[in-house]
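Here's the structure, in structure tokens; my notes come after.
Bear in mind these aren't lab numbers, they're just calculated from the coordinates by the rules spelled out. Source: prediction; values computed, not measured. Note that each Cβ is placed from the backbone with ideal geometry, even for glycine, and that neighbours are counted across all protein chains shown.
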DNA sequence: TTGATATCATTTGCATACGAATGAATTTCC
DNA sequence: GGAAATTCATTCGTATGCAAATGATATCAA
């Protein structure tokens with residue numbers, strides 16, 4: 001190898017910040033793929049409801065009637081997004097809306113009887129979805145992974 | 001507590017499969033939040049390009065000219081999604097399109113000079129984005145987390 | 001060689017997802 | 001009490017993300 005070659009490599013090593021950047025090893029890229037896989041598993045088991053719609057119903061089951069914005073906070077959706085989700089659940093008769101008596105800005109959301117039936121019926125399927133999503137890991141790995149994932153979220 | 005109360009609890013315990021289902025502990029929900037956080041970090045550091053757009057450019061830098069579909073496979077996007085991403089990159093002059101000479105179905109995608117400059121310039125920022133996303137973890141935790149996440153994706 | 005299949009790309013429709021702007025109602029604070 | 005700031009909801013625009021249908025081209029197989 002010539003002296004010029006060595007110099008070239010040196011210059012490259014100094015300048016080429018992106019020389020060994022591998023997209024497929026970046027956490028964001030893999031996170032996106034893992035999420036994709038989960039959504040796909042979800043769709044295979046619960047075809048007529050999306051994960052965000054399920055999340056809204058499940059959280060309403062936990063907390064009972066709440067404002068649309070508050071529900072959005074609880075399920076990590078901004079106001080614009082949660083509105084669309086609730087609109088579609090309302091169109092299907094799974095939630096009902098009403099105005100807060102005192103604070104007239106607030107739009108209260110609650111499960112209908114049908115919505116409550118639906119979420120109770122779906123929760124066992126949701127458990128299976130969680131299991132299938134985590135199936136590539138051992139029980140010990142699952143514990144570790146969930147602990148670290150929670151730190152990132 | 002009356003006998004009726006005990007009977008009621010028993011019936012509830014038998015029927016209520018979803019009694020202790022906690023949305024905020026489900027892997028899908030936390031995965032979605034972790035992904036959201038990453039996208040938010042990305043947007044703060046690279047405001048004028050989305051993660052999918054960045055992924056397309058970074059992968060084109062790796063593999064050079066490819067068909068649109070093939071690029072989609074490499075960055076985990078279906079045909080409909082990758083089309084939109086490439087259209088927007090083309091509108092900004094970061095990629096150029098051409099027809100495959102032999103197989104006239106294929107739409108070849110390649111970086112323009114401007115696109116190559118952009119991705120080289122952005123890769124150092126992307127490294128910082130990865131770092132910031134993983135900042136809540138120690139180095140050892142990062143190694144573990146990436147190994148397990150890869151298994152799920 | 002040609003008929004069946006498969007592949008590549010496009011389009012449409014629907015569902016998140018979020019920033020920014022807007023309007024209505026409430027709270028804060030002087 | 002009233003102006004300023006905040007909160008709640010809506011709307012608009014843009015960008016994924018995917019299923020399904022369609023059209024063009026290529027490949028395979030009888």
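Per-residue Cβ counts within 10 Å, from other chains only, averaged over B:142-148: what number is that?
Average per residue, whole number: 5.
Return one number: the angle in degrees, 0 to 90 and rounded to the nearest 10, between the long axis of the Cα atoms of helix B:79-91 and the longest principal axis of the Cα atoms of chain B.
50
Just to confirm the number: angle between the C-alpha axis of helix B:139-152 and the first principal axis of chain B, 0 to 90 degrees, nearest 10?
90
Only Cα pairs within less than 10 Å get springs; with that Gaussian network setup on chain B, which residue of B:140, B:83, B:59 has the largest fluctuation?
Per the Cα network of chain B with a 10 Å cutoff, B:140 tops the list.
How many nm separate the modelled label positions at residue B:87 and residue B:40, each set 7 Å beyond the Cα in the direction of the Cβ?
In this crude spin-label approximation the distance works out to 3.0 nm.
Placing one identical point scatterer on every Cα of the protein assembly as shown and ignoring solvent, what is log10 I(q)/I(0) from the Debye formula at q = 0.07, 0.09, 0.13, 0.15 Å⁻¹?
Cα-only, vacuum Debye calculation for the protein assembly as shown: -0.38, -0.60, -1.06, -1.25.
Which of these, B:110, B:69, B:139, has the largest mean-square fluctuation under a Gaussian network model of chain B (Cα springs below 10 Å)?
B:139
Connecting C-alpha atoms closer than 10 Å in a GNM of chain A, tell me which of A:86, A:46, A:30 has the biggest fluctuation.
A:30
Can you list, shortest first and in nm, the gaps between the label point of residue A:98 and those of its counterparts in the other copies, using a point 7 Å from Cα in the C-beta direction?
Output for residue A:98: 6.7 nm, nearest copy listed first.
As a check on your grasp of the helix formula, calculate [θ] at 222 nm for chain A: sum -39500 (n - 2.57) over DSSP H runs of n ≥ 4, divide by the residue count, round to the nearest 500.
-21500 deg cm²/dmol
Test of understanding: ordering B:48, A:87 by Cβ neighbours within 10 Å, fewest first, what list do you get?
B:48, A:87
Tell me the distances, shortest first, between residue B:138 and the same position across the other copies, using label points 7 Å along Cα→Cβ, in nm to one decimal.
2.1
Where the label is 7 Å out from Cα toward Cβ, how close does residue A:81 come to the same position in every other copy, in nm, shortest first?
Copy-to-copy label distances at residue A:81, shortest first: 1.5 nm.
Where does helix B:27-45 land angle-wise versus the long Cα axis of chain B, in degrees 0 to 90, nearest 10?
40
Need one value for A:121-127: mean number of C-beta atoms belonging to other chains within 10 Å of its residues' C-beta atoms.
Average per residue, whole number: 4.
Kindly state, to the nearest 0.05, the FRET efficiency for residue A:22 paired with residue A:132, given R0 = 35 Å and r defined as their beta-carbon distance.
So, using R0 = 35 Å, E works out to roughly 0.75.
Spin-label point model (7 Å from Cα, Cβ direction): what's the residue A:96 to residue B:63 distance in nm?
Each label point is offset 7 Å from its Cα along the Cβ direction, giving 5.3 nm.
Using the number of other C-beta atoms within 10 angstrom as an exposure proxy, rank B:85, A:95, A:102, B:39 with the fewest first.
A:102, B:39, B:85, A:95
I need the calculated FRET efficiency for the pair residue B:117 and residue A:80, taking r as the beta carbon distance and R₀ as 41 Å, to the nearest 0.05.
With R0 = 41 Å, the Cβ-Cβ based efficiency is 0.75.
When a footprinting reagent is the concern and you count Cβ atoms within 10 Å, what order do A:146, A:77 take, fewest first?
A:146, A:77
Which chain B residue comes nearest the axis with its C-beta when you rotate B onto A, and by how many angstrom?
Spelled out as residue then distance in Å, it is B:35, 2.
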